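The next block holds one structure in the form of structure tokens; read it before the comments.
The values are calculated or read from the model by the stated rules, or taken from the named source; none is laboratory data. Just so you know, these numbers come straight off a predicted model, no measurement behind them. With ideal geometry, Cβ positions are generated from the backbone for all residues, glycine too; neighbour counts draw on all protein chains shown.
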Amino acid sequence: MNLRDLRYLVALADLKHFGRAAEACFVSQPTLSTQIKKFEDELGTPLIERNPRNVMLTDVGVAVVARARAILHEADQIKNIARRAKDPESGTVKIGIFPTLGPYLLPHVVPNIVKKFPKLELMLFEEKTESVLKKLHDGDLDAGIIALPIHDDTLHAEFLFEESFVLAVPKGNALAKLKKIKLSDLTNERLLLLDDGHCLRDQALEVCQMAGVSERAGFRATSLETLRHMVSANVGMTLLPALTVQPPVPPTPNVVLIPFAAPVPSRRIAIVWRRTSALTVFLQQLVPLFKTLPKGALDAPKGLRA
């Protein structure tokens, strides 16, 4: 058994096709097929169900692939440790971030990271929180940026910042004339929300519960930008995080943003990584860079933007 065989097996598990897996591993298809068959013979049990249409893992294969991913990740970590021993700024870091934060946070922080660590290969993946956490555990990500709370003793969390919410309403809505809005002003209103799986949906539902607000039936958006444009089209109102309505994000026509009076609803953002990660020392150096944001970026706009 060697790392090469494990890489072949994981590639086949991911791509479910011998030809594509061989191409991804930069070997010929016969070579990959032969090595996996030898690996199966060594273990004394089939790992792959072979049929003309697709490739599937056996139950044993599923378990072996899970272990193989962990082993390959640790092997990569060893290489990173050695590389950083020679040059602390070199190497690769893979970070996952959820879609309703990534496009609005990263333009502020990535330039500072690149400036401080010019040799670093920073790989950013936009995924829903559930996927970020799974990939962290599988070793496919080194860190994740998620909303708190998180209930996982295997992960270390570093708080980054707290981001306020604002209410977005169409210009013609009766609430648009208010300079500030209280949660009680929303009682019996209906909000447009994202589809299941988005953490912003869960955060908005918490606000709805506090304010006695319900979800608008018959509509769920797949992205924050869809929500924004539905408000612009006079379909309804929604909650938007502060970073999504601050420059460089352009204003949306026909949308009025109303800040909340205290207590202001908000979400708390953290960066998390495995407690066993070999990159802990380096990831700690990234924390202050993710906290460095323009003044006022996390607060509701002082003036209404339409």
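Limited to the range 8-29, what total is found for residues that are part of a helix (DSSP H, G or I) and surrounded by 18 or more Cβ atoms within 10 Å (Cβ to Cβ)? Total satisfying the criteria: 9.
Look through the range 175-208, keep the residues that are under 13 Å from Pro265 (Cβ atoms) and more than 25 Å from the chain's Cα centre (by Cα), and return whichever of them is surrounded by the most Cβ atoms within 10 Å (Cβ to Cβ). Reasoning before the result, please.
So the first thing to find is which residues in the range 175-208 are under 13 Å from Pro265 (Cβ atoms), and the list is 180-186, 191, 200, 202-208.
Imposing the further condition that a residue be more than 25 Å from the chain's Cα centre (by Cα) reduces the set to 180-186.
Values: Lys180: 13, Ile181: 17, Lys182: 13, Leu183: 18, Ser184: 10, Asp185: 15, Leu186: 22.
Filtering first and then ranking leaves Leu186.
Per-residue answers, yes or no, for (1) surrounded by 12 or more Cβ atoms within 10 Å (Cβ to Cβ); (2) touching a strand residue (DSSP E or B) at 6+ places or on another chain (Cβ under 6 Å); (3) among the hydrophobic types (A, V, I, L, M, F, W, C):
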site: Leu43; (1), (2), (3): yes, no, yes
site: Asn54; (1), (2), (3): no, no, no
site: Ile81; (1), (2), (3): yes, no, yes
site: Ser131; (1), (2), (3): yes, no, no
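Among the candidates Leu200, Leu286, Leu240, the residue that is in contact with a strand residue (DSSP E or B) (Cβ under 6 Å, 6 or more places away or on another chain), assigned to a helix (DSSP H, G or I), in contact (Cβ under 8 Å) with a residue 24 or more places away in the chain and hydrophobic (A, V, I, L, M, F, W, C) is uniquely Leu200. All of (1) outside any loop (DSSP other than H, G, I, E, B); (2) in contact (Cβ under 8 Å) with a residue 60 or more places away in the chain; (3) of a type outside the set (Ser, Thr, Tyr) hold for Pro99 with one exception: (1).
Yes or no, residue by residue, for (1) hydroxyl-bearing (Ser, Thr, Tyr); (2) closer than 26 Å to Val281 by Cα; (3) touching a His at 6+ places or on another chain (Cβ under 9 Å); (4) modelled with pLDDT under 95:
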{"site": "Ser33", "(1), (2), (3), (4)": "yes, no, no, yes"}
{"site": "Pro52", "(1), (2), (3), (4)": "no, no, no, yes"}
{"site": "Arg67", "(1), (2), (3), (4)": "no, yes, no, yes"}
{"site": "His73", "(1), (2), (3), (4)": "no, yes, no, yes"}
{"site": "Gln77", "(1), (2), (3), (4)": "no, yes, no, yes"}
{"site": "Ile81", "(1), (2), (3), (4)": "no, yes, no, yes"}
{"site": "Ser90", "(1), (2), (3), (4)": "yes, yes, no, yes"}
{"site": "Gly96", "(1), (2), (3), (4)": "no, yes, no, no"}
{"site": "Pro99", "(1), (2), (3), (4)": "no, no, yes, yes"}
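Right, Glu74: in the same structural domain as Ser277 (by TED's automatic domain parsing), in contact (Cβ under 8 Å) with a residue 60 or more places away in the chain, surrounded by fewer than 14 Cβ atoms within 10 Å (Cβ to Cβ) and part of a helix (DSSP H, G or I) or not? Answer is no for this residue.
Do we have Glu40 as in the same structural domain as Thr58 (by TED's automatic domain parsing), farther than 18 Å from Ala63 by Cα and charged (D, E, K, R) here?
Values: in the same structural domain as Thr58 (by TED's automatic domain parsing): yes; farther than 18 Å from Ala63 by Cα: no; charged (D, E, K, R): yes.
In short, no.
Only a single item in (1) under 21 Å from Pro170 (Cβ atoms); (2) more than 24 Å from the chain's Cα centre (by Cα); (3) assigned by TED's automatic domain parsing to the domain that holds Leu227 is not met by Pro241, and it is number (2).
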